[in-house]
Amino acid sequence: MIVLTIAVGLWVDMHWAHGQLAMSLLAWALLFILVAWRPHEERPALVACLAFATAGEVVLSLVWGIYDYRLFNIPLYVPPGHVLLFYLGTRMAPHVPAGHEWWVPLVALPVVASLWWSGHDTSGPILYAIFLACMVGSPRGRSLYATMFVISLVMEVWGTWLGNWTWVANVPFTGLTAGNPPLAGGAFYCMLDLLVISTCGMGRVVKTPEAVALATAVETAGD
């Protein structure tokens, strides 16, 4: 449902006069259902993600201006959309085999380096370094950061290709360039996740593959 909401909703936003309103209503409705459905201990993380994401959008888009939405606003579906994507990441991350999360930065590195060398995305190494710092500095969140890096990139490619938003070629006040979207833009989502799990506690949001395996073993033994 989350994947369909994001994928189809962004298309509807671009191809229907009232698409942005419809997408916003759907995203908020799905978020309210999600918050009501999840256990009480997970709800603070979802609310924290909504707060941090909203503040981040204001700073990055309206204040800093590193990307613009097509109507030069912050669509009302964007803050809940961040929460839905975060929740999707927490459900996918436990299925990443232990150690395989490192394939993401390994595969991304030569591409980031190539885009930097060509001058198309000189901000890439900085964002990549932030992503790598999240991976190294928070071992319990590595699978989540790697997952978010990938799924956020897919969403960014879809949204920019449709034209829902556009990353500016020259990053204001920095002298750096950026792709549309920047390959390592997932670093922003990783920082959002780091804020959420640091505020609310990792164990309440996403379980590591080892924890999932242990819980399954205990449940099987009980049966």
Where Rh is the Kirkwood radius over the Cα pairs of the stretch 110-169, the temperature 25 °C and the viscosity 0.890 mPa s, what D in µm²/s does Stokes-Einstein return?
191
Taking alpha-carbon centroids only, the stretch 21-80 lies from the stretch 115-153 a number of Å equal to 22
How much length is gained if the chain between Thr174 and Trp158 is pulled fully straight, taking 0.36 nm per residue apart and subtracting their Cα-Cα distance, in nm to one decimal?
3.1 nm
So what is the 222 nm mean residue ellipticity for the chain from helices alone, if each DSSP H run of at least 4 adds -39500 (n - 2.57) and you divide by all residues, rounding to the nearest 500 deg cm²/dmol?
-21000 deg cm²/dmol
Cα-projected label distance for Trp64 with Leu25, points at 7 Å along beta-carbon direction, nm
3.4
For the chain, which cysteines have no second Cys with its Cβ under 4.7 Å from theirs?
Cys49, Cys200
So, in nm, how far is label Ile33 from label Val47 when the simple model puts each one 7 Å beyond its Cα toward the Cβ?
2.2
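Taking the alpha carbon gyration tensor of the chain, what are the square roots of 5 times its eigenvalues, largest first, to the nearest whole Å?
Its equivalent ellipsoid spans semi-axes of 29, 23, 15 Å.
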In the chain, taking the dipole from +1 charges on Lys and Arg beta carbons and -1 charges on Asp and Glu beta carbons about the Cα centre, the listed residue (Pro105, His18, Ser61) farthest towards the positive end is Ser61
At Thr54 and Val3, where each label point lies 7 Å from the Cα along Cα→Cβ, what is the point-to-point distance in nanometres?
3.0
Solvent accessible area, Å² - His95, 1.4 Å probe, full protein context
150
Taking a quarter of the surface of the Cα convex hull of the stretch 115-209, what do you get in nm²?
6.9
The set of residues whose placed amide H lies less than 5 Å from the amide H of Asp121, leaving out same-chain residues fewer than 5 positions away, is Trp116
Signed unit charges on C-beta, dipole axis of the chain, positive-most listed residue Gly119, Pro172, Val157:
Pro172
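The values are calculated or read from the model by the stated rules, or taken from the named source; none is laboratory data. In this text, all values refer to a predicted model and were calculated from it rather than measured experimentally. Virtual Cβ from ideal backbone geometry, glycine too; neighbours counted across all protein chains shown. Each accessible area value is taken on the protein alone, full model and side chains, heavy atoms only, with ligands, DNA and RNA left out. Shrake-Rupley method; radii C 1.70, N 1.55, O 1.52, S 1.80 Å.
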